[in-house]
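Visitor: For reference, the structure I am asking about is given below.
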Amino acid sequence: MDVVLNPKTGRLPVQVVEHLHRLLGGEARGEEMILRFIADRYGAANLFYLPAHVAKEIIKRPADFISAAKQHCEPELF
């Protein structure tokens with residue numbers, strides 16, 4: 001999957017965001033942690049505003065990204 005920002009909007013394309021959502025989505029609590037993590041780490045309000053290189057790495061290894069988000073939000077559990 002080609003992951004490049006739309007030059008007009010500076011956001012990821014909708015199809016990339018939908019793919020990311022399928023990979024990262026699940027229960028509401030996990031999704032909330034992911035949103036908090038991307039806001040804290042990348043200053044992104046939502047998946048559309050992730051840097052392209054980050055989105056590419058999430059697609060390669062979604063479990064690692066989910067784990068990093070959980071560790072960021074609940075460090076006492078790790």
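Visitor: All but one of (1) at pLDDT 95 or above; (2) surrounded by 13 or more Cβ atoms within 10 Å (Cβ to Cβ); (3) among the charged types (D, E, K, R) hold for Glu31; which doesn't?
Guide: (1)
Visitor: Among Ala44, Ala68, which is the only one that is over 10 Å from the mean Cα position of the chain (by Cα), modelled with pLDDT of 95 or more and of a type in the set (A, V, I, L, M)?
Guide: Being over 10 Å from the mean Cα position of the chain (by Cα), modelled with pLDDT of 95 or more and of a type in the set (A, V, I, L, M) holds for just one of Ala44, Ala68, which is Ala68.
Visitor: Among the residues of region 26-39, count how many are over 17 Å from Ala55 (Cβ atoms) and not basic (Lys, Arg).
Guide: The number of residues fulfilling the criteria is 6.
Visitor: Just to be sure I understand the filter: pairs with C-beta atoms under 8 Å, separated by 6 or more residues or on different chains, first member in region 36-64 and exposed (fewer than 14 other Cβ atoms within 10 Å of the Cβ), second member acidic (Asp, Glu) and at pLDDT 95 or above. Which pairs pass?
Guide: Between residues of region 36-64 that are exposed (fewer than 14 other Cβ atoms within 10 Å of the Cβ) and residues that are acidic (Asp, Glu) and at pLDDT 95 or above, there is no close pair.
Visitor: Looking at Glu32, Glu18 in this structure, which one is part of a helix (DSSP H, G or I) and farther than 21 Å from His72 by Cβ?
Guide: Glu18
Visitor: Taking the condition of being within 15 Å of Met1 (Cβ to Cβ) and not in a helix (DSSP H, G or I), how many residues in region 35-78 meet it?
Guide: Here the count works out to 2.
Visitor: Another one. Determine if region 13-30 includes at least one residue that is touching a Lys or Arg at 6+ places or on another chain (Cβ under 9 Å) and closer than 18 Å to Ala63 by Cβ.
Guide: yes
The values are calculated or read from the model by the stated rules, or taken from the named source; none is laboratory data. None of these values were measured; they are calculated from a predicted model. Neighbour counts run over all protein chains shown; Cβ positions are idealised from the backbone, glycine included.
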